[in-house]
Each structure stands twice: as structure tokens, then as C-alpha cells.
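Scroll down for the structure; my scribbles are underneath it.
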Amino acid sequence: MSARVQSVRWWVISLVLLSVGIGLVSILATRSASGGESHDGIVVEGAGTTLIHGGTGASGGFVPVLTTVAFHAETTGGHVTGSFDCLALAPEANTGSKSGQFTVNVMYVNGQITGATVNGNTATLTGTADITGLGAGSNVGFTFVVRNGGPGATAVLTASGLTFNELLVQGSFNVHAED
């Protein structure tokens with residue numbers, strides 16, 4: 001009988017181990033194949049000073065424009081929220097670019113981010129904003145495409161039919177890659 005009891009024990013132990021193994025494989029396979037995991041958290045964030053490439057352009061006499069920009073976007077429960085602020089300053093018209101004093105508010109964008117996509121080290125943020133100065137209006141749609149990095153990183157703001165190519169001179173833009 002001892003041999004029969006050992007045989008039954010071996011069979012029960014094997015059955016338990018097999019069940020545990022199948023259970024673990026099922027759990028792991030379901031997680032990796034579902035593709036529906038929530039990636040809650042910060043998507044992109046940044047702040048700094050940028051220089052608008054080309055300044056005011058030929059029509060403005062190539063007056064330099066500096067911006068102070070700050071933004072963040074996060075996902076919670078599959079929804080994107082965040083904020084975007086950008087203040088653009090230029091020298092006074094009578095001093096031109098020679099003063100080095102950027103005191104004239106040429107544009108201010110205060111927006112709420114409602115969409116964000118990440119592709120490698122680049123994020124595209126979308127939303128609506130209240131804008132003063134250039135492109136002024138309420139509830140204006142905007143897009144901000146930003147590349148990860150410190151000084152030298154680039155961004156492009158598009159709002160009210162205007163496009164601003166920005167070069168980060170101080171600060172950092174942090175695009176968090178998707179897992």
C-alpha cells in the first residue's frame with residue numbers, strides 16, 4: 001500500500017504544480033496580449049526660455065522674440081489633461097533689437113491640453129487656448145509639437161493660423177516614452 005499512497009501523492013503534487021503553472025501562464029499571457037493597460041501618469045512636461053527662429057520675420061524687420069513656456073500633460077483613466085502657457089516678448093519698437101530688453105508682450109497663450117501623442121522622443125499636444133496679442137481669440141485650437149531635451153531642443157507652436165518654430169535656450173522639455 002505504501003507504493004500506492006506514494007503514487008497518489010505524486011499524482012496530486014503533479015496536478016497541483018500543473019494547475020499553478022497553467023494559471024501563471026494564463027495571467028501573464030492575458031496581460032501582455034490585452035494591449036489595454038492604462039498608462040496613467042505624466043506624458044510630457046517642460047519649461048524654459050525659447051528663441052523664435054526668424055523672430056518677427058522679414059515684415060517685422062527680423063526683431064528677435066523670446067518666449068517663456070511652461071506645459072505638462074498627463075493621462076488619468078485614459079483621458080489627457082494638462083496646461084500650456086507661453087508668453088512671447090520682443091524689444092520695444094523704437095529700440096529695435098539693439099536694446100537687449102525684451103519688454104513688449106507680443107503674444108500670450110494660456111491653454112488647456114486635451115490630447116497628447118508620443119512618438120519616440122517627440123510629443124504632440126493639442127487643446128484650446130485664450131490668446132492675447134498675435135492671433136488673439138478665445139477658445140482657439142492649438143498644437144504644440146515638442147522634442148525631448150535641454151538647450152537646443154525644438155518645438156513648434158501652431159495657433160490661429162500662425163506657426164512659431166522655437167529653439168530652447170534655457171530649461172528642459174521631458175517627453176516620457178511609452179512602455
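Bear in mind these aren't lab numbers, they're just calculated from the coordinates by the rules spelled out. Treat the numbers as computed from the prediction; the structure is a model and nothing was measured. Counting neighbours? That spans all protein chains shown, and the Cβs are built from the backbone with ideal geometry, glycine included.
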Quick note, segment 110-179: a/c under 1.5 would make it rounded; otherwise a/b > b/c is prolate and the rest oblate (a ≥ b ≥ c, C-alpha gyration tensor); here it is oblate
Total charge dipole magnitude, segment 41-175, about the Cα centre, Cβ charges on Lys, Arg, Asp, Glu only, Debye to nearest 20:
240
Computed lengthening from residue 169 to residue 76, 0.36 nm per intervening residue step minus Cα-Cα distance:
30.3 nm
Which shape class applies to segment 138-179: rounded if a/c is under 1.5, otherwise prolate when a/b exceeds b/c and oblate if not, where a ≥ b ≥ c are the square roots of the Cα gyration tensor eigenvalues?
oblate
Virtual spin-label span in nm between residue 40 and residue 162, 7 Å along Cα→Cβ
3.9
Residue-by-residue Karplus 3J(HN,Hα) for segment 114-131, coefficients 6.51, -1.76, 1.60, Hz, glycine and proline x:
10, x, 8, 10, 10, 9, x, 9, 10, 10, 10, 9, 10, x, 10, 9, 9, 10
